[in-house]
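Have a look at the structure that comes next, please.
Each value in this text was obtained by applying a stated rule to the coordinates, not by laboratory testing. Here the structure is a predicted model, which means the values were calculated and not measured. Note that we place each Cβ from the backbone using ideal geometry, even for glycine, and neighbour counts take in every protein chain shown.
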Amino acid sequence: MPLIRIDDRDIEAKEGETLLRVCLNHGIPVPYYCWHPALSVAGQCRMCLVGVKGAPKPLTACSTTVSSLPPEKRIEGKYDMVVDTKSPAVKKDQRAILEFLLLNHPLDCPVCDQAGECQLQEYSYTYGNAASRLEFEKVHAPKRVDIGPHVVFDVERCIKCTRCIRFCNEISGTGELTLSQRGVHTRVDTFPGRQLDNPYSVCTVDVCPVGALTSREFRFKQRVWFLTSANSVCNDCSRGCSVRVDTYKGEVLRLVPRDNPQVNGPWMCDFGRLVSERLKGLPVLAQPKVREGAKVRAVPWASFAGELLKKMGPYVGEKARDLAVVWSGRMTLEEMAAAKALSSGMFGGNEGAVPTVCQGQNDNLLIRRERRPNLKGATSMGIPVWGEGTPVSAFLEGKKAAFIVREDLLGDAEGSEKEALRKALSKMELVVVADYALTETAALAHVFIPLAGWHEMEGTLVNFQGVVQKMARAVIPPRDRKAFYEVASLWLSAAGIAAPEPAFMAWHAEVKKAVPGLAGVSIRDLLPHGVKLEGAP
């Protein structure tokens, strides 16, 4: 391997690796804007200029690769390259480039959403001049330009790094963006008659190093330094993208992707990202509800387990053959462990099943047709999974009662299947639904159990590739919304059946017993990128 010297450090580097990657991998600070690890090299911003011995001028570290020299030509008899990142000449170049980028940049930091996450803001303190030397009016450009349904563009802030253009060309493959006009008036623009409207459009906001591209849904919501963050997993398809959930005062304000090479890389789709908006429109109930005729009454948790036992009495044990049990791929592995405990302890071995819910088509990047994040987890836990297209109404036919957890059967069905489901549920003596929100199916329930949402509890999930990931609790739920494994613990205990404590780690221990590949895996091992189960494709 070539031996190079960067400042005062001797480093062995791979031939062909860029100097910028070598520096970053060894903790040597080199500023950059246009470079992104998942995009092609552009050398557009010139911020990463470094001195290379023997070169007639400073070179961009992002596009200069490590090369080897014949033994007789090595510098000082041993170095293949000698690189300088700290000399006065390099610092002068960095200040000049930054001054050029800031020349017409507006003083928007007090109102810019990127403040606190802005590379331009950070580098101006570290590498920039203390004051501007511009004596004339700045060149102004359009602001608040709607270039797509989810992205707002402030042209004045753009530094023409072309990250967004390269993303649309190389990752989403949709190519909506380009550079238009010339000189100081050059700007990122959409092609005539087009908008930035693809399934991954908000990823351009993620890659923008400044505040030029902002998310319409998060714009002006909150300063980023006031946000509380938790690592989690997207629940909107079987990909299970690694995400970070940012919250403020108990409200989910945004989801952003966490770079996970074995799952989603640094990207996520707009549909999964905008779950924060969909949460706002969901009707959420605070307490368990029991419907008797036209009346609905709330039941405190202190007495609810006993009331549930009474209601479910005719459909437990050997009588459970009259009970249709529907679990969900939205349940965590811990909740599935609780489901298996209920099946064996209360439902006479009635295992129930998990429906496969598919919508749209798989794409070539991340999106999966399967809309449940833990369908593979159900298989790993030994819970039956219905194949795609299996009519759930046929499973409900002839049953006297139904127990449905985290599935909106009516909301996901269409046409004749929806009518058949509605008819089957309406004829039942008892329908118990446990879910986060009051769905179409829950509206027909005789008993509704409010569950914590995916963002309100801890859990583990297995995506379609067999990668087990841990999601942390981003928001503390109200006292009366519980994870399903807590409900199961209370229910089993009220029935006099031994059950684990209503705590995540207690039920996670049951998961490790049920999934052989997790027996020797600790929670720490699952952080931050998860673990792939042995034998997974």
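Report the charge-dipole magnitude of region 3-97 in Debye, nearest 20, computed about the Cα centre from +1 at each Lys and Arg Cβ and -1 at each Asp and Glu Cβ. Mind showing how you got there, number by number?
Numbers: 14 positive and 11 negative charges, 72 e Å.
Result for region 3-97 is approximately 340 debye, rounded to the nearest 20.
Of the DSSP beta bridges with both residues in the chain, give the percent that are antiparallel, rounding to the nearest 5.
Working: 45 of 64 bridges.
Counting only bridges with both partners in the chain, antiparallel ones make up about 70 percent.
Just to confirm the number: angle between the C-alpha axis of helix 333-345 and the first principal axis of the chain, 0 to 90 degrees, nearest 10?
Roughly 10 degrees, rounded to the nearest 10.
Continuing with the same structure: Which peptide among 368-381, 387-400 comes first, and what is the full order, when sorted by highest mean count of other Cβ atoms within 10 Å?
Numbers: 368-381: 23.2, 387-400: 14.6.
Those peptides, ordered most packed to least, come out 368-381, 387-400.
Just how many % of Cα pairs in region 104-151 lie over 18 Å apart, if you round to the nearest whole percent? Walk me through the numbers before you get to the answer.
Working: 529 of 1128 pairs.
Within region 104-151, distances greater than 18 Å cover 47 percent of Cα pairs.
Identify, among Tyr200, Trp267, Ala141, the residue whose Cα sits farthest towards the positive end of the charge dipole of region 136-280, taking +1 on the Cβ of Lys and Arg and -1 on the Cβ of Asp and Glu, with the dipole about the Cα centre.
Ala141
If I fit a long axis through the Cα atoms of helix 504-514 and take the longest principal axis of the Cα atoms of the chain, what angle between them do I get, 0 to 90°, rounded to 10?
It works out to around 80 degrees.
From zero up to wherever the largest Cα-Cα distance of region 3-97 sits, split into 10 Å bins and tell me the percent of pairs in each.
16, 52, 28, 4
Going by average Cβ density within 10 Å per residue, which order do the peptides 355-362, 439-446 take, highest to lowest?
Numbers: 355-362: 16.0, 439-446: 20.4.
The peptides rank, most packed first, as 439-446, 355-362.
Average projected area of the Cα convex hull of region 230-326, in nm²? Walk me through the numbers on the way to the answer.
Details: hull surface 40.5 nm².
Reported value for the Cα convex hull: 10.1 nm².
Quick one: work out the % antiparallel among DSSP beta bridges in region 400-537, nearest 5. Don't skip to the answer; put the middle values down first.
Working: 6 of 16 bridges.
So the antiparallel bridges in region 400-537 amount to around 40 percent.
Could you order peptides 151-159, 237-245 by the average number of other Cβ atoms within 10 Å of their residues, highest first? Display every interim value, and only then the final one.
Values: 151-159: 21.2, 237-245: 25.2.
Descending packing order for the listed peptides: 237-245, 151-159.
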